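**Q** Dumping the structure here so I can ask a few things about it.
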Amino acid sequence: MLIHPLVTDSDILADLCSRLAQSPYVAVDTEFMRENSYWPELCLIQIADDNEAAAIDPKAPGIDMTPLLDLMVNNEDVLKVFHAGGQDLEIVHNLTGKTPFPLFDTQIAAMALGMGEQVGYSNLVESWTGVKLDKGARFTDWARRPLDKRQIDYAIGDVTYLVKIFPKLLDKLKRTGRGAWLDQEMERLGDPSNYVNEPDQAWHRVKVPSRRADVLGRLKALAAWREREAQGKDLPRGRIMKDETLADIASHPPREQKDLAKVRGLSQSWAGNDIGARLMGALEAATNLPDDEMPAREDRKPGLGKDGALVADLLKLLLKIRAKETDVAPRLIARSDDLELLAAGRRDGLSILEGWRYEQFGRDALDLVEGRMGFAVQNGKLKMTRLDEAAE
C-alpha cells in the first residue's frame, strides 16, 4: 500500500479524492480536540483504500477540503468505513450539514459477531491481524503544528489496518447471515438528527428532580440560553455553567440579578456583568413547559409494579441466554428500556418485536411475558422451555 506524505495542498487532495472515488469502499478516521471548545476542532483526517492511504491536514493554509467532503456526503457509490464513528460523523455533519452515506461501523459489526459491546480499535486489530498497536501517540496534541512523523504514522495506522479488517468482517457477516442485522443500526448511526445541537432541546440533557411545569419551563429556557452562549463563544457548555448550577437556578430562581452572587457555582461578578443580565433575561422570558412536552416519568415503566419488575429481570436473563447462544453482544439485540416496556405491557414500537431481533429474541421474549415459556434446569444448565411442550 502506498502511504502518502501529509497532504497539505488542494490539488494533491483533489487528485487523491478523484482516485478514491473509484474505490468500492474507503476507511476513514479523524483526530480532533474538543477539551476547550464547543465545536470539536478538526485536526487531521485519515483515509485509505486497498491501494493508498493518506493523512490530510485541514489546518494547512489555503487547503480546499471540498473534494474530500463531497466524497464523504455526496458520493453514494463509495462505502465509508469507520470504527466507533459517532464523533467522526458529528464532525462531518458540523462541516456539511450531512452525514457520510453509505457507511459501515466496524465496532457495531464486531457486536454482531460476538466480540463484545464496545470493542476498542486496538483490540479489533489484534484479534484480526495479530498486530499490537503502539498507543503512545493516542493522547497527543493534534492541534499543534508541525505534526511529527510518529503522530502521522500513528494516525494513518488507524485506516491502513481498518481497510484490511473490513473485508474480513464483511465476509464473516455474510457467512453467518448477519449482514442485514446491521442495516437498522447503520441507519440510526447515520441519522443527521443525532448530530444537531438544537438549543431548545438542550434541557433534555440536564437532570432535575422536579416535574413541575414552571421548573421545567425555566430549565428549558436556561439550557437554551447556555447552549447559545456556548455556541457563540465556542466554549464547552460546562464552562458557561455547570449542569448542577443550571438545575439549581431552574428550581430556585433568583429574584434579581444581584442574587446571582449567592448562587453556588457562580462567581460574584455575575451579579453585575452582561452574561448575568442575559441569564436573568432568559429566566424572565421562561414560560411553563406545555403538557405535550412534559417528559415521561423517569422509570418509563407505567404500571410495571413489583411483579412486572420481576418479569423484566427474567427478560434480562433470557437476553443473556440468547446472546450467548447466538454469540451476539446483548446490547445489539435489546436495551434495558425495551425489556422493561415489554414487561409493562407495551407492544408497539419496540425494535425487539421487529425483523431479525424478533426472530432471534423477541418471539421468545413475548412468549415469556405472556406465559407460554418458562425457565428450566436440565443437566445442570439453565434452559428455556415452552410450557405446552413441558405439559406433554
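The values are calculated or read from the model by the stated rules, or taken from the named source; none is laboratory data. As the structure is a prediction and not an experimental result, all values here were calculated from the model. Cβ coordinates were reconstructed from backbone atoms using ideal geometry, including for glycine residues, and neighbour counts include every protein chain displayed.
**Q** Give the stretch 18-30 a look and list any residue that's surrounded by 23 or more Cβ atoms within 10 Å (Cβ to Cβ) and either charged (D, E, K, R) or within 19 Å of Asp234 (Cβ to Cβ) (or both), or say none.
**A** The answer is Asp29, Thr30.
**Q** Quick one: is His93 touching a residue at least 60 places away in the same chain (Cβ under 8 Å), of a type outside the set (A, V, I, L, M, F, W, C) and in contact with a strand residue (DSSP E or B) (Cβ under 8 Å, 6 or more places away or on another chain)?
**A** In short, no.
**Q** Any chance you could count how many residues in the stretch 224-256 are touching a helix residue (DSSP H, G or I) at 6+ places or on another chain (Cβ under 7 Å) and not in a helix (DSSP H, G or I)?
**A** 4
**Q** State all residues of the stretch 210-232 that are farther than 14 Å from Pro290 by Cα and free of Cβ contacts under 8 Å to residues at least 40 places away in the same chain; if no residue qualifies, say none.
**A** The answer is Ala223, Arg226, Glu227, Arg228, Gly232.
**Q** Being loosely packed, with under 13 Cβ neighbours inside 10 Å, modelled with pLDDT of 85 or more and on the phi > 0 side of the Ramachandran plot narrows it down to one of Asp348, Asp327, so name that one.
**A** Asp327
**Q** Turning to a different aspect of this structure: Taking the stretch 209-223, which residues are of a type in the set (D, E, K, R) and either buried (at least 22 other Cβ atoms within 10 Å of the Cβ) or in a loop (DSSP other than H, G, I, E, B) (or both)? So that I can check it myself, show each step before the final result.
**A** Step one: list which residues in the stretch 209-223 are of a type in the set (D, E, K, R), which gives 211-212, 214, 218, 220.
Answer for the stretch 209-223, where residues must be of a type in the set (D, E, K, R) and either buried (at least 22 other Cβ atoms within 10 Å of the Cβ) or in a loop (DSSP other than H, G, I, E, B) (or both): Arg211, Arg212, Arg218, Lys220.
**Q** Please work out which residue is nearest to Pro40 (Cα to Cα), limiting yourself to the stretch 137-184 and to residues that are in a loop (DSSP other than H, G, I, E, B) and of a type in the set (S, T, N, Q).
**A** Thr140
**Q** Condition test on Leu353, is it over 20 Å from Met384 (Cβ atoms) and either at pLDDT 90 or above or buried (at least 21 other Cβ atoms within 10 Å of the Cβ) (or both)?
**A** no
**Q** Do any residues in the stretch 244-265 that are under 20 Å from Asn288 (Cα atoms) have Cβ atoms under 7 Å from those of residues that are among the basic types (Lys, Arg) and modelled with pLDDT of 95 or more, where the two are at least six apart or on different chains, and which pairs are they?
**A** Correct list of pairs: Leu246/Arg226; Ala250/Arg218; Pro253/Arg218.
**Q** Check Asp64, Asp70, Asp88, Asp134 and return the single one that is in the same structural domain as Thr8 (by TED's automatic domain parsing), at pLDDT 95 or above, in a loop (DSSP other than H, G, I, E, B) and not polar (S, T, N, Q).
**A** Of Asp64, Asp70, Asp88, Asp134, the one residue that is in the same structural domain as Thr8 (by TED's automatic domain parsing), at pLDDT 95 or above, in a loop (DSSP other than H, G, I, E, B) and not polar (S, T, N, Q) is Asp64.
**Q** Taking the residues in the stretch 142-194 that are touching a residue at least 12 places away in the same chain (Cβ under 8 Å) and hydroxyl-bearing (Ser, Thr, Tyr) as candidates, determine which candidate is nearest to Ile352 (Cα to Cα).
**A** Thr176
**Q** Can you tell me which residues in the stretch 166-178 are within 14 Å of Thr326 (Cα to Cα) and buried (at least 17 other Cβ atoms within 10 Å of the Cβ)?
**A** Within the stretch 166-178, Leu173, Arg178 qualify.
**Q** Restricting attention to the stretch 333-369, which residues are part of a helix (DSSP H, G or I) and touching an Asp or Glu at 6+ places or on another chain (Cβ under 7 Å)?
**A** Ser351, Ile352 - these are the residues of the stretch 333-369 that are part of a helix (DSSP H, G or I) and touching an Asp or Glu at 6+ places or on another chain (Cβ under 7 Å).
**Q** Could you grab me the full set of residues in the stretch 1-46 that are hydroxyl-bearing (Ser, Thr, Tyr) and part of a loop (DSSP other than H, G, I, E, B)?
**A** Selection gives Thr8, Ser23, Ser37, Tyr38.
**Q** Which of (1) in contact (Cβ under 8 Å) with a residue 60 or more places away in the chain; (2) within 24 Å of Lys164 (Cβ to Cβ) does Leu68 not meet, given it meets every other one?
**A** That leaves (1) as the condition not met.
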